[in-house]
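Trainee: For reference, the structure I am asking about is given below.
The values are calculated or read from the model by the stated rules, or taken from the named source; none is laboratory data. Since we're looking at a predicted model, the values are computed, not measured. Counting neighbours? That spans all protein chains shown, and the Cβs are built from the backbone with ideal geometry, glycine included. These area figures cover heavy atoms from the full protein model, side chains too; ligands, DNA and RNA do not enter into them. Shrake-Rupley method; radii C 1.70, N 1.55, O 1.52, S 1.80 Å.
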There are 2 protein chains.
Amino acid sequence: MINRAPPDFLTPDMADFSVRVADWFEKLRDNICGQFETIESAAEDSPLSDKPSGHFERKNWTRDGGGGGQISVMHGRVFEKVGVNISVVHGQFAEDFRAQIPGATDDGQFWAGGISLVAHPQNPFVPAAHMNTRFVITSKAWFGGGGDLTPLKPAPKQANTFHADLKACCERHDPDYYPKYKQWCDDYFYLKHRDEPRGAGGIFYDYLDSGDREADFSFTRDVGSSFAGSYVNIVRETMNKHFTAEDRHFQLVRRGRYVEFNLLYDRGTSFGLKTGGNIEAILMSLPPEVRWP
Amino acid sequence: MINRAPPDFLTPDMADFSVRVADWFEKLRDNICGQFETIESAAEDSPLSDKPSGHFERKNWTRDGGGGGQISVMHGRVFEKVGVNISVVHGQFAEDFRAQIPGATDDGQFWAGGISLVAHPQNPFVPAAHMNTRFVITSKAWFGGGGDLTPLKPAPKQANTFHADLKACCERHDPDYYPKYKQWCDDYFYLKHRDEPRGAGGIFYDYLDSGDREADFSFTRDVGSSFAGSYVNIVRETMNKHFTAEDRHFQLVRRGRYVEFNLLYDRGTSFGLKTGGNIEAILMSLPPEVRWP
């Protein structure tokens, strides 16, 4: 279990809120892992149904300085590799890093909790997916996150459904969210060196502090649930498609782009790696098998 | 063919010298490619001798602004993927980049020629290898380069031989070179996030301008030839070793470290990618097949 005792610098209200948020991330993790395991055990007609059904394995890590996380990883016949990580950490940002974080310039104290999911399916016709939501407290406090889809073989129908689901989610909370967060996602998940997007996009938001923290938390919960519901449907819809060795090769080459993005551009990855984060949790995002032919 | 016409800003002496240097890089490329193809065609006893013998394929690219390069890549039964790139480029560094380059603060004009080699062998017992030498002219001029070995399965004997060969090379030119350039290599090819070296090291040097340009050129030629001789011996010595599926898996996982280094830390890779270099030439260094299980 992750030690979630709130640090002293939080007000009693914020301490209570941080516990509720961390509870939600854990609940979402349990819900998603449960749904993914159900898909695995029901995958009787998939091209890889002769392989054993996958189960999540859990591993705890602790952070020097405060808090820790839980890695859940499954290697299955539908999900070649899927990681769902939750973490609750607190401490003090290094002095030379404080200027980059809102509200951290004073004493650099922070609390951060989040969930992060990356799925790399076996079948080239099942899109890969990424979802992350987080809550950060310094002298300010905000939610951030999003979800995006990376079809390996083109999947325009699934990409449209995914966007429609996220749009509906956004519109339940604020009519401005979807266009703004879709654009943010398109801008962020872009491989400049190849002049191509990482995938079919989705939504990306950060520094969300609308003035109504309960509303922001409600939106963040909805993003997690909507992503999960949408992606589970997409997986079920595509996992039984027949694929060839050529399709598989194409998938492995396209996965190289995923690696290039995460190691060259992803803020979380490079920050985590360069500041002593948990390597296994951070690099959980990398695909299990990749080719640069 | 690469257009090697020296740009106007070079003095006649420097223009002549730049042509000699570019000639050498091409000659070294031809020599190495020839030796590697000989190894391929003679690999009758290797575990993969049922596969066809590899041959280098060439591709030219031109650079917007001046010059270009030639990619030589081979996919064979000994060398799963080996790239040997040469390039001769010139132009003007972007203003915000000039401060990082010696002698470029004035007008930012430059000429650069070089050779770059990365070999990823099939057999996990054959170390991967990297070699690069280059000559750069701004208002200053210098040589840089080096060679290093990345055993996938541990290969202490080969690593020792490789270092002995590079040490002998260095000592033919300056007794200070080997300890200094070995340390530079150890410092440079280091994965900070994993607290581990990329491989068994070698030598790395840059900004070499001893005051005797012919001597520096002679050293750089010797580095290229010594690397080639040493590595060809190492490949011949290890290529027929029997390996298992477990050895292969281990190799593919270790290759992930190679990718992590090149995309997270390598100066040439990130600079090239972020400033519009030739993607295919720059990413030639990435292994053909990789696993992050």
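Trainee: For A:Lys81, which lysines qualify as cross-link partners when the Cα separation must be under 20 Å and same-chain residues fewer than eight apart are set aside?
Mentor: List returned: A:Lys51, A:Lys59, A:Lys153, A:Lys241.
Trainee: I'd like the mean, over residues of A:186-194, of how many other protein chain beta carbons sit within 10 Å of each residue's own Cβ.
Mentor: Mean inter-chain Cβ contacts per residue within 10 Å come to 2.
Trainee: B:Lys157 to B:Lys241: extension gain in nm, 0.36 nm per residue of separation minus the Cα-Cα distance? Kindly include the intermediate steps, with their values, before the conclusion.
Mentor: Values: separation 84, 0.36 × 84 = 30.24 nm, distance 1.43 nm.
Contour length minus the Cα-Cα distance gives 28.8 nm.
Trainee: How far, in whole Å, is the closest Cβ of chain A from the axis that maps A onto B, and which residue does it belong to?
Mentor: A:Leu263, 2
Trainee: Taking a label point 7 Å out from Cα toward Cβ, give me the nm distances from B:Asp212 to the same spot in the other copies, shortest first, one decimal.
Mentor: Here B:Asp212 shows inter-copy label distances of 7.9 nm.
Trainee: Then there's this: By how many nm would the segment from B:Asp23 to B:Thr11 lengthen if fully extended, with 0.36 nm per residue of separation less the alpha-carbon distance?
Mentor: 2.5 nm
Trainee: Mean-square fluctuation check for chain A, GNM, Cα pairs under 10 Å: which of A:Gln251, A:Gln70, A:Gln100 is largest?
Mentor: With Cα springs under 10 Å in chain A, the top fluctuation among A:Gln251, A:Gln70, A:Gln100 is at A:Gln100.
Trainee: Quick check: with the 1.4 Å probe, what order do A:Asp16, A:Asp186 take by accessible area, largest first?
Mentor: Per-residue accessible area, sorted high to low, gives A:Asp16, A:Asp186.
Trainee: If you don't mind, there's one more thing I want to ask. Using a probe radius of 1.4 Å on protein heavy atoms only, what is the accessible area buried between chains A and B, both sides summed, to the nearest 100 Å²? Display every interim value, and only then the final one.
Mentor: Details: alone 13200 and 13220 Å², together 24450 Å².
So the buried area, both faces added, is about 2000 Å².
Trainee: If ligands, DNA and RNA are left out, what is the accessible area of A:Glu280 with a 1.4 Å probe, given in Å² to the nearest 10?
Mentor: Rounded to the nearest 10, that gives 90 Å².
Trainee: Here is a follow-up. Gap in Å between the Cα centre of region B:18-72 and the Cα centre of region B:141-185?
Mentor: Distance between centres, Cα-based: 22 Å.
Trainee: Which is farthest toward the positive dipole end of region A:142-293 among A:Cys169, A:Met284, A:Gln183, measuring Cα position about the Cα centre, with Cβ charges +1 (Lys, Arg) and -1 (Asp, Glu)?
Mentor: The residue sitting farthest along the positive end of the dipole is A:Met284.
Trainee: A further question on this structure: Dividing the alpha-carbon radius of gyration of the protein assembly as shown by 2.2 N^0.38 Å (N being the number of residues), what value is obtained?
Mentor: Compared with the compact-globule rule of thumb, the protein assembly as shown sits at 1.06.
Trainee: As a test of reading the structure, rank B:Lys192, B:Lys81 by solvent-accessible area (1.4 Å probe, protein chains only), most first.
Mentor: The residues order as B:Lys192, B:Lys81, largest area first.
Trainee: Separate question: For A:Tyr190, go 7 angstrom from Cα along the Cα-to-Cβ vector, then report the distances to that same point in the other copies in nm, smallest first.
Mentor: 3.6
Trainee: Next up: Among A:135-144, B:264-273, how do they line up by average Cβ neighbours within 10 Å per residue, starting with the highest? Please report the intermediate quantities before stating the final value.
Mentor: Working: A:135-144: 19.9, B:264-273: 17.0.
Per-residue Cβ counts within 10 Å, averaged per peptide and sorted highest first, yield A:135-144, B:264-273.
Trainee: Could I ask something else about it? Which distance in nm do the two modelled labels at A:Asp176 and B:Phe271 give, with both placed 7 Å along the Cα-to-Cβ direction?
Mentor: In this crude label model, A:Asp176 to B:Phe271 measures out at 4.3 nm.
Trainee: Here's another thing I want to ask about it. Using R₀ = 60 Å, calculate the FRET efficiency as 1/(1 + (r/R₀)^6) where r is the Cβ-Cβ separation of B:Ala94 and A:Asp45; round to 0.05. Display every interim value, and only then the final one.
Mentor: Working: r = 55 Å, r/R0 = 0.92.
Computed FRET efficiency for B:Ala94 and A:Asp45: 0.60.
Trainee: Let me ask something else about it. In deg cm²/dmol and to the nearest 500, what is the mean residue ellipticity at 222 nm of chain A if only DSSP H runs of at least 4 residues count, each as -39500 (n - 2.57), divided by the residue total? Before the final figure, lay out each step's value.
Mentor: On the way: 7 runs with 117 residues, N = 293.
Taking each H run of at least 4 residues, the total per residue is -13500 deg cm²/dmol.
Trainee: To the nearest 0.05, what FRET efficiency results for A:Lys140 and A:Glu280 with a Förster distance of 35 Å applied to their C-beta separation?
Mentor: Numbers: r = 30 Å, r/R0 = 0.86.
My answer for the efficiency is 0.70.
Trainee: I've got another one for you. Accessible area per residue, 1.4 Å probe, Å², for the protein assembly as shown: what's the number?
Mentor: 42
Trainee: Tally up the carbon and sulfur contribution to the accessible surface of region A:12-285 as a whole percent, 1.4 Å probe, everything protein left in place.
Mentor: Here carbon and sulfur together make up 49 percent of the probe-accessible area.
Trainee: At 0.36 nm per residue, minus the direct Cα-Cα distance, what do B:Asn3 and B:Arg194 gain on full extension? Give it in nm, one decimal, please. Walk me through the numbers on the way to the answer.
Mentor: Details: separation 191, 0.36 × 191 = 68.76 nm, distance 4.23 nm.
Taking B:Asn3 through B:Arg194 to full extension adds about 64.5 nm, to one decimal.
Trainee: Is there a quick way to get the dipole size of region A:179-293? I mean about its Cα centre, with the Cβ of Lys and Arg at +1 and of Asp and Glu at -1; what is the value in debye to the nearest 20?
Mentor: 400
Trainee: At a 10 angstrom cut-off on C-beta neighbours, averaged per residue, how do the peptides B:2-10, A:121-129 rank from highest to lowest?
Mentor: Top to bottom by mean Cβ count within 10 Å: A:121-129, B:2-10.
Trainee: With charges set only on the Cβ (+1 for Lys and Arg, -1 for Asp and Glu), what does the dipole of the protein assembly as shown come to about its Cα centre, in debye to the nearest 20?
Mentor: 1080
Trainee: Follow-up. Taking each label point as 7 Å beyond Cα in the direction of the beta carbon, state the distances from B:Ser49 to the same residue in the other copies, shortest first, in nm.
Mentor: Result for B:Ser49, in nm, nearest copy first: 4.5.
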